[in-house]
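Just so it is clear, none of the values below were taken in a lab; they were calculated from the coordinates. This structure is a prediction, so every number in the text was calculated from the model and none was measured. Using ideal geometry, Cβ is built from the backbone for each residue, glycine included, and neighbour counts are taken over all protein chains shown.
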Amino acid sequence: MTGFWFHHFRLRRFNIKGRGLRTMRAKLARNRRVNRRLMQSLLASQIAAAEKEEQNRRIREEIELLFVANVLDDVWVHDCLFEIENDPLMSIAFERINSRIPGRRNTLSMDRTRTFTGRRRRPGPA
């Protein structure tokens, strides 16, 4: 009786035949397909992430170059305006222009604190 039991156990445990074997093979093939699709998706995601990182790096470089160009433009404009304000020939030219137009205030000696000298409207009832 004992030998029959071990023989029976061995057959059920290690010799899988027929429908059970097909089922196991189908599950294994399905798992392999799922794993392959997951790996392909993971690789595609990694490639897309690397491309996005490269694109972000290029955009950051362009923004930095634009920022530097804007700073240099501002410095150049400020230097030009400073040269114009301190040039004695330009101040003479401004004085001649102001003397030709009657009623116009001198642009060099203008009071820059009071920019609006017109009549102010009072807010009406809402």
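A few remarks follow.
- Ala93/Leu72 FRET efficiency (R0 25 Å; Cβ-Cβ; nearest 0.05): 0.35
- Long-range Cα-Cα pairs in segment 19-67 (distance over 12 Å), rounded percent: 73
- All other residues whose Cβ lies under 14 angstrom from that of Leu66 are scored, Lys and Arg at +1 and Asp and Glu at -1, for a net of -3.
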